[in-house]
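A short write-up of the structure that comes next.
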């Protein structure tokens, strides 16, 4: 019997990714180097630059909302009146870039990632079971890994892929070994009759 399961919404649109590569490069060209994001650039710390070019991303907003609604349908969330994009940013990771383990909590319901440009050896996005730090079964060896005994799941960075997940799900990005890995990340708030 299964008790609890975590759902990840996935979809792909390579043509959309291709159409957004140039606007992303323009934004990244206007972002200064920041020590808080080593081996790359991100507009996370410069939301005004994203705001300046946000009208170039209307097709992405539609794609995100379409997939967020699919997530809500799968989760059977009732009475969703609106899905609000709280924030969005583009990041380019160079060789040796990575993201430490973190989660997006207390201000959003869903988080996501859309891959604009990936090359061979682009780093995986890694999700962790919530209890991964205190799992008493983690030290055992297993014949095969499955959804019951795995403490992490890896999603390769592939152009056009979108992933949407519950925002408190711990995740990280492995050490990137490609010259360029460009992704747009976002956080969403679900507006219902009850909230």
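Only the coordinates and a few stated rules stand behind these numbers; no lab work does. Please read all numbers here as calculations on a predicted model, not as lab measurements. Backbone-built Cβ (ideal geometry, glycine too); neighbour counts: all protein chains shown.
Quick one, can you get me the convex hull of the C-alpha atoms of region 153-195 expressed as volume per residue in Å³?
Convex hull volume per residue, Cα atoms: 104 Å³.
Just want the ordering: 10, 5, from fewest to most Cβ atoms lying within 10 Å of their own Cβ.
Numbers: 10 14, 5 6.
Placing the least packed residue first, the sequence is 5, 10.
For the chain, what relative contact order do you get, as a whole percent, if you take Cα pairs closer than 8 Å and at least 6 residues apart?
35 percent
Ratio of Rg to Rh for the chain, alpha carbon only, Kirkwood?
With Rh from the inverse mean 1/r over Cα pairs, Rg/Rh is 0.97.
Order of 126, 90 from fewest to most other C-beta atoms within 10 Å?
Ascending Cβ contact count within 10 Å gives the list 126, 90.
Going by how many other Cβ atoms sit within 10 Å of their own, how do 36, 154, 181 line up, fewest first?
So the ranking, lowest neighbour count to highest, is 36, 154, 181.
Restricting to DSSP H runs of at least four residues, report the calculated mean residue ellipticity at 222 nm for the chain, -39500 (n - 2.57) per run over all residues, nearest 500 deg cm²/dmol.
Roughly -6500 deg cm²/dmol at 222 nm, from the helical runs in the chain.
Mind jotting down the distance between the C-alpha centroids of region 176-194 and region 3-67, whole Å?
7 Å
Across region 1-113, what fraction of all alpha-carbon pairs, as a whole percent, falls in each successive 10 Å bin from zero upward?
11, 37, 37, 13, 3, 0
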